[in-house]
Each structure stands twice: as structure tokens, then as C-alpha cells.
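Everything below concerns the one structure shown next.
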Amino acid sequence: MSAFPLRVALCAAAVAFVCCDTANAHEIVGNRSFPATLTIDDPGVADELALPTVSWYKTGDDPSVRQRDISFEFAKRITEDFGVSFGSAYSRIYAPGGPNMNGANGFQDLETALKYRLYKNPEHEFVLSVGVEIEWGGTGARDVGSEAFNVYTPTLYFGKGFGDLPSSLGWARPFAITGQVGYAIPGVSSTSAIDPDTGDIDTEYNPRVLVWGGSLQYSMPYLKSSVVDLGLPDFFNRLIPIVEASLQTPVSNTATSGTVTTGTINPGFLYVGQTYQIGIEAMIPVNRQSGTGVGAIAQLHLFLDDIFPNSLGKPLFGNSIAAGRPKFGN
Amino acid sequence: MKTFIVAAFVAALPSAALAHAMLDHAMPPVGSSQNTAPREVVLSFTEDLEPAFSSIEVRSEAGAVVSSGKAKVQHTQMRVPLKALGAGTYKVIWRVLSVDTHRTQGDFTFKVGP
């Protein structure tokens, strides 16, 4: 196997697994709190720190190789509705992966995201935000698949809770869905490299990629504080069973990438504390190109607006009274 | 060692700072059915509350306000008296401001009668 297809596969794996791992937050809309999700971004703006997010999986390369990523993300509100976040990941690729098939280590490209909350409807627990995510090319290690060029991803985010269902469907009111749709635009349309096996110049076309995904979640905190208190132990009242989907579909400039959708379906649980959240999910590849076997992802997420309410945890400008997470009782 | 450090960090978090005032429990309980009409609603939160910016309102199915007067706040607890309630479903609507200036809100129902 030449290094070139391996590098292509690594890039695809990086897009598939890393780009979406570092951007997470939580959002309050009326009685609903949308928790931080692990593989897609939630629809809101907040002051938070995700450290660490750790994932283990087997890539979609041929042969498939094991990879472990440790990532972080720091999100800061500039105003109540506008925020910025920074994140990156440190990847370890096990042999026979890497450019020399001996494995590789290194940081992925640094990522920055700007997000603005466009619309919020507390009564119907609906929120809509727009943003742009920027992957800064050349800031990461090429050996682990980082790009040498920037990638810009304008993205639409939404969340909808079902607390407005009639009381006859009270059991369904804790359900909520979130989603995101982005369009990843590489800063350069193609890159060339000399194939070490043949000496030929290979040209790789960098596709524009639809980055999309969603989550279906059932909030036990919402059930307890808004529908019915079943008297369950506190641990269960803080759980949110969740299924996330994180997918990518190349849609143009696909001469060398193909158009196959890749990604994972991630069932798991979130545990929501007063000032932190812990999440763990399985990562099930949607096809062979997305990986082999079932991976896992886990995250410790800190609510900076709770930990530092009068300093780091409030917007730099504007309203200093923070809207809270209303439905998380003990 | 790393596991211990992380575990110690997480364990320290809840006590490391103030946080949002969350509904801990309610009397009458959320979603419960009461054979006899309660005389007050008592809500307990996870943080101390600011009395001036915290309230409870209880409404009947027809929308009539059946809570009586302003809610009284004492540390983490807030209570409001109720008028004489007949059989039916009642909605408790609460809004609070915790002492660290985080706002929270919520609502739930309870039933009176068989």
C-alpha cells in the first residue's frame, strides 16, 4: 500500500472523526436544557470547557488501524448571543498506520468556531443558530492527517424540545432533537504530492463536504422536574440517554474522494451534574469506509458559567444575568 | 494516578462554586395525584435564592390563579399558600434567581381528586 492512499484515508478519517469532536456546548431554551453532545455541536452559545474528550476507534483505512484522539474545546461568550470557541486534538495512530506504517502521533489542526444565536422560542423549546467553523491548515501534524490548508464550514444548528406536547403524551415530553448542517469548503481545491513508490505526481482534489448530523435525547432531569417525579435514585434522575449521528458527504470536487457518506452512529449516556457533565458513547461506523468495529468516546465537560459565574463564566459584554439550566434537579 | 486526579477533580466540582438553582423536589410532588387538596406548594432548590426575583404561581386548568400572595423564600426553599382547591389539574410555574445571578424557570402539574 503506498503512502498516498493512506494519507488520503487518514485525511478522511480526520474529517470523519476529529473535526466534529471538539465543538460542544449546552443551551437553555425555556424549560429545556440542551446538553453538550459529544460528536456534534449543540445549538447554543455558552461558556464551557470540554477537557478532555477521548475517543478510540478503528479507521476506515485498508487495512484498518487503531486511533486514539484526546481533544479539548474552550467556548467563550462574547455577548449573550455570540460566542467563540477554540479546540484541537492530539491523535495517536497505531501501527500499521502512519506514513511509514509505524504509527504516528501529533496534533490535529487548530479549530476556531464563531456562533450566533439567531432565534429562540422558549415556549416551544426551539432554538436556531448560525456559525462558521475554521480549521487552520498547517497548524497540525501532517503525519496524523492534518490539512495544510484552511477549511471553512458555515453551519446551521437547531434544537427542538418536545415539552409542548399535550399532557396526554407526557411521557414523550422529555424527548428532544438537535441537528447541524454545515458545508465544508477547503481553502484550496487540490493538492499535489509525489508518490514515493512510483515517483509520479499525484493530485488530490479536496472535496466540498456536507457535514451533517443530529441527536435524539431523552432527559431524565426533565422527566423528574416537569412531568413526573418517579422517586428514582438521584443518579438516574441525572441521566440523558442519547443517540448521536455524525456524518459527512462529499458533494463537489469529488474526483479523487468519491461521494460515499461516512460517519458514525453513537448511542450512549450523558450524566449531568451541577457544574459538569460526563458523557460516554459507542461509535458505530455507518459503513466500511467509516471504520471497522465499534469505537468509544468519552468526555468531561465543565460548565464555566457555574464554576466562575462572576468572571470567566459570563459574557464579555452585555447582560450579566445568565439564563440557567432550569430542569436539572437532584 | 491520572485516574485519581481526574476523579478527585470531578468530586470537588459540585462544591467548588455556586451554580444554577435547580428544582430538587416539590410538595406536592411533580406529576402526583393528591387525594386531599394541599394548602401550599413548597419547592426546594439546590442553591440559595434571591427573594426579590423568585416567584411561584399556581393556576387551574381554566387558567385562574389559585396561589395566594407572594411566595416566601428562605434559603433554598420557596413556598406559596393555595386557595381552597377543588378536584382538577393544577399547574405550578416557578421562576427563580440564584444568589450567583443565574435565572432558572420551570413548570409542572399535579392533580387533586381521585
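Can B:V10 be described as at pLDDT 95 or above and either outside any loop (DSSP other than H, G, I, E, B) or surrounded by 15 or more Cβ atoms within 10 Å (Cβ to Cβ) (or both)?
Values: at pLDDT 95 or above: no; either outside any loop (DSSP other than H, G, I, E, B) or surrounded by 15 or more Cβ atoms within 10 Å (Cβ to Cβ) (or both): yes.
Considered against the rule, which asks whether it is at pLDDT 95 or above and either outside any loop (DSSP other than H, G, I, E, B) or surrounded by 15 or more Cβ atoms within 10 Å (Cβ to Cβ) (or both), B:V10 comes out as no.
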* Asked: Is it the case that the range A:228-238 has a residue that's under 20 Å from A:E135 (Cβ atoms) and open to solvent by 50 Å² or more (accessible area, probe 1.4 Å)?
  -> no
* Failed item in (1) more than 16 Å from A:F72 (Cα to Cα); (2) within 18 Å of the chain's Cα centre (by Cα); (3) surrounded by fewer than 17 Cβ atoms within 10 Å (Cβ to Cβ), with A:F107 passing the rest -> (1)
* Structure fact -> Only one of A:Y222, A:Y205 is of a type outside the set (D, E, K, R) and within 14 Å of chain B (Cβ to nearest Cβ), namely A:Y222
* Structure fact -> With criteria (1) of a type in the set (A, V, I, L, M, F, W, C); (2) outside any loop (DSSP other than H, G, I, E, B); (3) farther than 24 Å from A:D234 by Cβ, A:L316 comes up short on (2)
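Identify all residues within the range A:208-219 that are open to solvent by less than 30 Å² (accessible area, probe 1.4 Å) and away from every other protein chain (no Cβ under 14 Å); write none if there are none. Before the answer, list the steps.
Within the range A:208-219, the subset open to solvent by less than 30 Å² (accessible area, probe 1.4 Å) is A:209, A:211, A:213-215, A:217, A:219.
Scanning the range A:208-219 gives A:V209, A:V211, A:G213, A:G214, A:S215, A:Q217.
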* Asked: Of all residues in the range A:89-125, which are touching a helix residue (DSSP H, G or I) at 6+ places or on another chain (Cβ under 9 Å), of a type outside the set (D, E, K, R) and within 19 Å of A:A50 (Cβ to Cβ)?
  -> A:A89, A:Y90, A:S91, A:F107, A:Q108
* Asked: Can you pull out the residues in the range A:252-297 that are within 14 Å of another protein chain (Cβ to nearest Cβ), among the aliphatic types (A, V, I, L, M) and open to solvent by 30 Å² or more (accessible area, probe 1.4 Å)?
  -> A:I278, A:I280
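Scan the range B:30-63 for residues that are in a loop (DSSP other than H, G, I, E, B), open to solvent by less than 50 Å² (accessible area, probe 1.4 Å) and among the hydrophobic types (A, V, I, L, M, F, W, C) and report the count.
Going through the range B:30-63, the residues in a loop (DSSP other than H, G, I, E, B) turn out to be B:30-32, B:35-39, B:46-48, B:50, B:54, B:61-63.
Adding the requirement that they be open to solvent by less than 50 Å² (accessible area, probe 1.4 Å) leaves B:30-32, B:37-38, B:46-47, B:54, B:63.
Retained after the next criterion (residues that are among the hydrophobic types (A, V, I, L, M, F, W, C)): B:30, B:37.
Matching residues across the range B:30-63 total 2.
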* Look through A:D41, A:D69 and report the one residue that is among the charged types (D, E, K, R) and at pLDDT below 95. => A:D41
* Residues of the range A:123-181 classified as hydrophobic (A, V, I, L, M, F, W, C) and assigned to a loop (DSSP other than H, G, I, E, B), total -> 6
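The values are calculated or read from the model by the stated rules, or taken from the named source; none is laboratory data. Computed from a prediction, not measured in an experiment: that's the story for all the values here. As a convention, Cβ positions derive from the backbone with ideal geometry for all residues, glycine included, and neighbour counts pool all protein chains shown. What goes into the accessible areas is simple: the full protein's heavy atoms, side chains included, and nothing from ligands, DNA or RNA. Shrake-Rupley method; radii C 1.70, N 1.55, O 1.52, S 1.80 Å.
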